[in-house]
Structure formats: C-alpha cells, structure tokens
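Let me begin by presenting the structure, written as structure tokens, before commenting on it.
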Amino acid sequence: MKKLLAVIAVVMLAAFAAPAFAATNPFMDVPASHWAYDAVAQLAARGVISGYPDGTFKGPQPATRYEIASIIARSLAYVDMDKASKADVEMMRRLIVEFSDELSALGVTVDGIDARLGALEADLGGWKFSGVFEFNAKFGEDRESGKADWDLDKYRVFIDKRINETTAFHARLGKDGGVGANGHADGEAGVTWDYYYITTKLGYDIELTAGRFGWDWEGDLGFYIDDDAWMNDTTRQGFGLKKDFGIASFALLLQRLSDDDYLSPAGVAQANAIVNVVNSATGVNYLPQVGPSDEWYRIALNLNADFNEKFSAGLLGYFDLADEYDDDVKTFGGYLKFRFHPSVELKGLYYYQDAEVNNDHANAWKAVLDINQDLLKFTSLWIEYAQVDADFIFDTGDTEYAGYANFDADPSSHVISTGDKYKFILVKASQQWNDKWDSWVRYNWADYDGGDDFNQIGVGIGYQLNPAVHFELGYDHAKYNDGEKDNLVRFQTIVNF
C-alpha cells in the first residue's frame, strides 16, 4: 500500500470533520495541480499528517504500518458523525482492528479508541427523536378526584442533537396530566416545551448546562420509586455546573422563575384556592399566595462523595430567594448510602428547612432498605419509612405541596388540607419473571397527627408485548379512618419509541 493511497482512505473519514477551509499545503512535492492537494492540505493543517523532516510528503513511497496507524489514531478526533455514514464508521473500525498491534505500540489504547468510536456511532444522523406515550384507563372511585377517569397521563417527544464532541442540544415536547401551564386541572394540560437546554464542556472538565432544565438529584441517587422527589424535581430556566473529581462530584444550580413558568389566571386561581385551604386549616400563612408577577431565584448545591463501593454520602442545599416578598425558603440536606451486599443497600435522606413564609423550622427525613431481586431471586423489596413536619414545604411543582402524589388513591392532599405532621411507610415487592411478565405488590400507610390516617394496598401484573409496548393491570384498595374506601382498577398502556 502506498502512503498517498492510505491517506486518501483516511480522508474519506477525517475530511468531513468540518466545512472545508482554505489551507496551505506544506509539502513541496504535492503541487496545487495534484488531485489530492486539498485533502492533503486539510489533513496537514489539522495535524493528522506531518510529512518528513525535509518538507516532503513522499506520496508514492510505500508507507509503514506504524505510519498508517498514526494517521488512523489522529484522524479519529476529527470524524464528524453528522456527515459520516454507517459504512464510514465500519471502515474506520476495520482499520482499527487491522492496525491494533501498531496502535498499541504507539501507546494508543485500542479499547479506548473503540469506545470512542462506539460513542460516535451512537450519534449517527445528528438529530435523534424518541418518546413515551402513557394512557391510563381507571375504573372505580378515587376519593381525591371523584369518579375515576380515562387519562392520557403523558406523552413526550425527546429531541437530541450532538453538535460536536463537547456540546449537545436537548429538548422535550410533551404533556403531563394535572394542572398545566394553561391552568387546566382535568388532566388535559396543554402541550408545552418541557425543557430545552444545551450541555457543553468548559475548562478543567467542567460541564455547563444552560436553558430550561431540571436536575432530580433524589431520583439520581435512588431515593424514591413510586412517589415524588421531595426537593428540586422541577424544570425551570437557569444555569448548572458539574465537576467530577473521581471520588467526589460537585454540582451548582442557579434557576429563575421566568415568564413561561407563570401560571395563567385560571392556574393562579386554582393554586390560591389550595393555599387558602391550607392557611385556613393551619391558622397561619402557611403558604404564600401565588401570582403571575412573583419572581424568585433558586441556588442549589450538591456535593457527593463515593468513598468506596460500599459507602457514599453527600450534602444538599436549596436557597429560594424572593425578589419582592419575605418568603425566602432555605433547605439544607444530607444523605448516606451503605451497600451491605451488591444487592442490598441502606440509604437515608434528611432535610432541615427554614421558611420565612411561616416563620418556622421544619424537618423531613426518610430511611430506605433497597434489596435487588438478584439476592432474593423471586422478588425485589423496597421498604421506606418517612417522617415529615407539618410546616415542611415540598418542592414538587408550582401548585403541589406534597411529596407522595403519584399513588392511584392519593394521600398527599390530607397534608395540604390539614397541615398535620405525618409518618409514612411504603413497602413494595416487584417481580420480573421473564422478559415478558412482571408483577408487583405494594402497601403504603400514612399516620397524620390530626387522626386522618390512610392505608392502601395494591397489586399489579405487567406484560411486555414487544420491546416498545408494555401493558399493566393494577388494583388499589384504599381505606381512610372515617370509614371511606376507594377501590380502583387501572389498565395502563405505555409505548416507548
């Protein structure tokens, strides 16, 4: 193989790294009239090829395998998957396999190159679209919303674009049930851009996120399953910084309630109706009135340390600072996680909150025992115990003030309506029988200081029709201390595409 021919083969991959630009050919033996002049000039300008000390390229001269391996390693950094085809990627992979020994001799980790190529291959085509569709048909009675309904609980379209090696764009167009930006409260919330943001790398390997986004740290750390995050599972505009130090990581978040976060007049009226119920029940201004002109900032911090495979810990802080009102809320938290066994983890989360809106302090904490099915073989097991002060303000959305809002027969509004301190227990056993069938059994119990206790038991079975479509049939029985009962059957259809 001649050196010039080897270079031209690599040009097929490396030359579409960026739009063609004018470059001066440094090699005296490749004249401007040569058919390979432009390709050789661009590769030389990027440092993919360097030629010989005497300033020549020596295209007709046979190339050594080490020279070709060097060109392959350098050119990989310039491959642009927006313009590459699957055949191009396969060609590069074959070259890597062919020259693996020479690449290793040059100090290049072949496994690392292959991983890099795999990551690039995943971005073939540039724009990526995916989504989820979830429809729930409910039969029976639900104390919190009256007669059960048939709801399109969510549909979301995810849009992703790899811009270059360090920068990507992400967006989500979707609809969630419940109160939406248009103020509807009947499960028909309007379609909105839930988020749109970019991620990019700064100096010192710091990752910047900018736009409308949300970071659910409790979800990332595995602190809930069927319920909601207590803090920060919200989507707003702002900036975020992340830095991984190996054993530790750090994240800083700055968000602002912007124009498109404002509720409509109908949404404001509904939110304030909830606020009025709470304030009337507690006898104090437990929650502030919501208004479309309210503006505030959130500064949030997350410091995490993975000391070893068994033990990790972290600190959390949320500082909600209002522009016009004395309703600042400061929440400090910490968590511990200890893995007794590869399949058994004990974890605890604690928050202390100082809220000027009610001139009071509040605590909330939970402990979770999480056992994977790998250990018990026939089932996984989640055991959660939580205790929350009456004045603790949850952060699960613009008009929601409770942390357990996703149960079919929802106990969370009892906290809203009474302001009681409560204890909560959740036990769930999930079984994955094979690649088609799964099932679960769940029990949750809430003890409110005001005596309005609640308990619920549910069972469900799921069937994976194909890789995209999943059906689930579930039953929940809920009982309240006043003797009322809910019996709810739900048939759920989920499609991932």
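The values are calculated or read from the model by the stated rules, or taken from the named source; none is laboratory data. These numbers come from a predicted model, not from an experiment. Positions of Cβ are backbone-derived with ideal geometry, glycine not excepted, and every protein chain shown enters the neighbour counts.
Before moving on, here are some points about what is shown:
- When F338, F378 are screened for being surrounded by fewer than 15 Cβ atoms within 10 Å (Cβ to Cβ), hydrophobic (A, V, I, L, M, F, W, C) and at pLDDT 95 or above, only F338 passes.
- Consider region 431-469 and keep the residues that are of a type in the set (D, E, K, R) and assigned to a strand (DSSP E or B). The one that is surrounded by the most Cβ atoms within 10 Å (Cβ to Cβ) is R442.
- Test: residue in region 407-426 that is in the same structural domain as E218 (by TED's automatic domain parsing), modelled with pLDDT under 95 and within 23 Å of the chain's Cα centre (by Cα): yes
- Annotation: F307 fulfils all but one of (1) touching a Lys or Arg at 6+ places or on another chain (Cβ under 8 Å); (2) at pLDDT 90 or above; the unmet one is (1).
- Among the residues examined, A168 qualifies as of a type in the set (A, V, I, L, M), in contact with an Asp or Glu (Cβ under 8 Å, 6 or more places away or on another chain) and modelled with pLDDT of 80 or more.
- Listed by first and then second residue, the pairs with beta-carbon distance under 6 Å, at least 6 apart or on different chains, first residue in region 158-171 and at negative phi, second in a loop (DSSP other than H, G, I, E, B) and of a type outside the set (F, W, Y), are R162/D123.
- Near pairs, Cβ below 8 angstrom, 6+ apart or cross-chain, from region 313-336 (under 15 Å from W230 (Cα atoms) and in a strand (DSSP E or B)) to any residue that is aromatic (F, W, Y) and at pLDDT below 85: D320/W296; D320/Y297
- Whenever a residue of region 215-241 is β-branched (V, I, T), its partners that are modelled with pLDDT of 85 or more and surrounded by fewer than 21 Cβ atoms within 10 Å (Cβ to Cβ), lying with C-beta atoms within less than 8 angstrom and at least six residues away or across chains, give the pairs I225/W382; I225/K428; T234/G214; T235/Y195; T235/R212; T235/G214.
- Of all residues in region 470-497 being among the acidic types (D, E) and assigned to a loop (DSSP other than H, G, I, E, B), the one that is modelled with the lowest pLDDT: D482
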